[in-house]
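Right, one structure below, let's go through it.
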């Protein structure tokens with residue numbers, strides 16, 4: 001599947017933007033990863049640090065992919081405090097991400113595909129980490145931040161806006177391919 005086909009399919013799957021991603025433009029930063037420690041999911045799930053790998057392992061993994069696509073969902077908000085609008089845009093983005101990931105897994109097998117999402121997993125009421133393997137290993141998606149990515153920088157370095165103006169919120173994820 002070509003990058004152009006993937007972008008076209010991403011838009012058909014409901015994302016508001018989809019653009020090529022150059023994996024070599026990604027800088028996995030320790031400072032971003034360090035912010036994960038303040039999150040309640042830190043050290044409690046398979047997709048979050050430290051279980052998703054060291055920052056060096058994440059960087060190596062990202063750079064092993066020759067191409068990728070950034071996908072975005074931009075929602076309109078009534079005002080800056082529109083929590084319901086923010087949650088709805090996040091829900092839509094998460095649903096599109098899951099459906100599109102399943103679609104892509106039909107074309108890419110095993111480690112030919114890496115999906116990095118916005119936010120955590122939330123699939124199970126309680127993650128099996130660290131005592132048992134993940135119940136859904138084929139559906140795992142770590143967040144871009146867990147991999148140390150500064151989202152605004154990744155967008156800028158790949159010529160896609162991150163901010164679409166007052167009254168909007170944008171969720172960003174990416175897929176990397178071999």
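Read-outs: derived from the displayed coordinates by stated rules, not from any lab. Predicted model only: the values in this text are computed from it and were never measured. Positions of Cβ are backbone-derived with ideal geometry, glycine not excepted, and every protein chain shown enters the neighbour counts.
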Global form of region 15-89, assessed from the alpha-carbon gyration tensor, a/c cut-off 1.5 | oblate
Residue among 18, 125, 115 with the largest mean-square fluctuation in a Gaussian network model of the chain, springs linking Cα atoms under 10 Å = 125
In what sequence do 40, 98 fall when counting other Cβ within 10 Å, fewest first?
-> 40, 98
For region 66-178, what proportion of DSSP beta bridges, expressed in % and rounded to the nearest 5, is antiparallel?
-> 90
Residue-averaged [θ]222 nm for the chain, counting only DSSP H segments that reach four residues, each worth -39500 (n - 2.57) | -9500 deg cm²/dmol
Where labels lie 7 Å past Cα in the beta-carbon direction, separation of residue 86 and residue 67 in nm = 3.6
Can you work out the FRET efficiency for the pair residue 152 and residue 131, with r the C-beta to C-beta distance and R0 = 30 Å, to the nearest 0.05?
-> 0.25
Please say if region 6-48 is rounded, prolate or oblate, where rounded means a/c under 1.5 for a ≥ b ≥ c the square roots of the C-alpha gyration tensor eigenvalues, and otherwise the choice is prolate for a/b larger than b/c and oblate otherwise?
-> oblate
From the Cα centre of region 53-119 to that of region 1-27, the distance in Å is 11
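For the chain, rounded, prolate or oblate, judged on the Cα gyration tensor with a ≥ b ≥ c (square roots of eigenvalues), a/c < 1.5 rounded, else prolate if a/b > b/c?
Details: a/c = 1.33, a/b = 1.12, b/c = 1.19.
Taking the square roots of the gyration eigenvalues as a ≥ b ≥ c, the chain is rounded.
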